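Take a look at the structure below.
FYI, it's all coordinate maths here, none of it is from the lab. These figures come from a predicted structure and were not determined experimentally. All Cβ positions, even for glycine, are placed from backbone atoms using ideal geometry, and neighbour counts span all protein chains on display.
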Amino acid sequence: MNSVIEILPELNQAFFETLLMVGISLLVALLLGLPLGILLYVTDRGLFLENKWIKRVVGIVINLIRSVPFIILLVFLLPFTQLLLNTTIGPLAASVSLSVAAIPFYARIVESAAREIDKGVIEAAVAVGASPWMIIKSIILPEAKPGLITGLTITAISLIGYSAMAGTIGGGGIGDLAIRYGYYRYDNTVMFTTVILLIVLVQFVQYLGDFIAKTTNKR
Amino acid sequence: MIKLENITKEFQTKSETILGVDNVSLTVEKGEIFGIVGYSGAGKSTLLRCINLLERPTSGSVKVDGMDLLKLSSKDLRKARQSIGMIFQGFHLVASKTVFENVAFALKAAGVEKTVITKRVEELLELVGLKDRINQYPAQLSGGQKQRVSIARALANNPKVLLCDEATSALDPNTTKSILSLLKRINKELGLTIVIITHEMEVVKEICHRCAVMQDGRVVEEGTTYTIFSNPREPLTRTFIQTVLNFDLPPKLLASVQGKLLKLQFRGDTATEAVVSDMLQSVTVSGNILHGKVEYIQDIPLGIFIMELKGENQEIAKAIDYLRERVSKVEVIEHE
């Protein structure tokens, strides 16, 4: 028990580091993954911006990133992180590779959420002469909203898991703490404390996501 | 108003090319309600979707209100589509938007000013009789009400043409009637040209001025609704109109028939009873009416009677001749 009290300040810092990493990469996923996912959807066959080549190229790039195991991606992106932030240590540096992983992850979720929309509704919008931008803004996004929020929840929880891996190469955060104290020093109390903290965090994110998705669903 | 010339639409699958529409030419006049009937898979829906280029024909030309749609840029096509309203079997309303927002979307798409939109939406909902539902979501509405909202949306930008893709097929008979009378009313009041595709002959009978029958991607028969009903040429057309004008006699009754069975068809203005009673007086046969029905097609009555004639063969032949001169169609029904 003593060891836990001892590391309390560190635990506190680690918790906020995790939040920072997950928060930044989640924001980037939303800003870049969402448009990419929508692009994948609207360039699909039979849709109003059908374009085989864009669809194919974007799809291949996304699959490429997604097929690299995250731990490898972390190492692979170190030079890029160095170039971007002039360091590879700390939660900010870890956010780079987390973001790169989160973008294609969320993009695929956005694409499949958009696919759930009744195609007829989009067709009706095309038939009234709406522009592609109007259809995306006023039909696809609001109709896919519950799915987009659920997807963001899934992405956030995956990122919490990934952030632990990022911790192992100096990213900081709860995962890093668990490995340093719990694994390397065989301190089970710290290990359990961090695991419980992670469980609480994941549960909270899931609950929050479900709640928001539910309140936005008008069906 | 609508001129389709040599429309052909092919669908490419991995292994083969499917012909959806096969060289169809059709003209729909201004202010007309035109019906296209056929079984599912006949290509009627594809043909309808070619009118606003939701489906681009493989070859042929599409002219709406004098504009050659296939030659327009995508921006001009969007503009043209604003004057071609469309409603669907599945309504296709946006579930996350209220009735107001659903109708307003069409106006927003056309770049109408915000202050004008509110007034116009209210006007449209008044027209379709749903003003009290303005802030509800589609999930709270019945099928008929949803179709009314989609009609309001389709009419938002004062279109010249309204395309109806099986618009009543998902509705019960009563709701179908009320939607049809709404369509009829807007056709009259707004002078709107309406194209309806359906597999229900009742719909055609109720509101179409003219109609075409489709089979395997081709138009097999076309004409005014009255001629189609009173004088169908193609076997398929006959099966279709039988769904409305059904004259099958019960087998028990058929078995008891001893004389000759005749099917008489009267044009609207002939006085049926007078012809029959005159005939019975001028020849020595006895007649017995087994079945009769007068259908109003586009407000013109079409009477069909089935009668049994008993007597000498010679007299019966005379009776048939007498009727042939005065009745638009006499058919001798063969029976056991």
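Scanning the range B:280-308 for residues that are touching a helix residue (DSSP H, G or I) at 6+ places or on another chain (Cβ under 6 Å), more than 14 Å from B:Lys260 (Cα to Cα), without any contact (Cβ under 8 Å) to a residue 60 or more places away in the chain and part of a strand (DSSP E or B) yields one hit, B:Gly303.
Once the range B:240-256 is narrowed to residues that are in a loop (DSSP other than H, G, I, E, B) and not hydrophobic (A, V, I, L, M, F, W, C), the residue that is farthest from B:Asn288 (Cα to Cα) is B:Thr243.
Mind checking which residues of the range B:148-168 are away from chain A (no Cβ under 14 Å) and either surrounded by fewer than 22 Cβ atoms within 10 Å (Cβ to Cβ) or over 18 Å from B:Val204 (Cβ atoms) (or both)? It would help to see each step written out before you state the result.
Our first condition is that a residue be away from chain A (no Cβ under 14 Å); within the range B:148-168, this holds for B:148, B:168.
Hit for the range B:148-168 is B:Arg148, nothing else.
Scan the range A:121-134 residue by residue and report those that are outside any loop (DSSP other than H, G, I, E, B) and either among the small types (Gly, Ala, Ser) or at the interface with another protein chain (Cβ under 7 Å from one of its Cβ atoms) (or both). Break it down into steps so the answer makes sense when it comes.
Step one: list which residues in the range A:121-134 are outside any loop (DSSP other than H, G, I, E, B), which gives A:121-127, A:132-134.
Listed by number, the residues that qualify are A:Val121, A:Glu123, A:Ala124, A:Ala125, A:Val126, A:Ala127, A:Met134.
Please give the number of the condition B:Pro251 fails out of (1) loosely packed, with under 13 Cβ neighbours inside 10 Å; (2) within 27 Å of the chain's Cα centre (by Cα). All conditions are met except number (2). Looking only at the range A:142-153, decide whether some residue is within 11 Å of another protein chain (Cβ to nearest Cβ) and either touching an Asp or Glu at 6+ places or on another chain (Cβ under 6 Å) or surrounded by fewer than 19 Cβ atoms within 10 Å (Cβ to Cβ) (or both). Yes: one or more hits. Here is the figure for the range A:76-120: residues that are part of a helix (DSSP H, G or I) and within 21 Å of A:Thr155 (Cα to Cα) total 25. Would you confirm, using the coordinates I've provided, whether B:Pro138 is in contact (Cβ under 8 Å) with a residue 12 or more places away in the chain, within 12 Å of another protein chain (Cβ to nearest Cβ) and touching a Phe, Trp or Tyr at 6+ places or on another chain (Cβ under 8 Å)? In short, yes. Pairs linking a residue in the range B:227-250 that is more than 18 Å from B:Val327 (Cα to Cα) to a residue that is among the acidic types (Asp, Glu) and in a helix (DSSP H, G or I), with Cβ atoms under 9 Å and 6 or more positions apart or on different chains, are B:Thr243/B:Glu202; B:Val244/B:Glu202.
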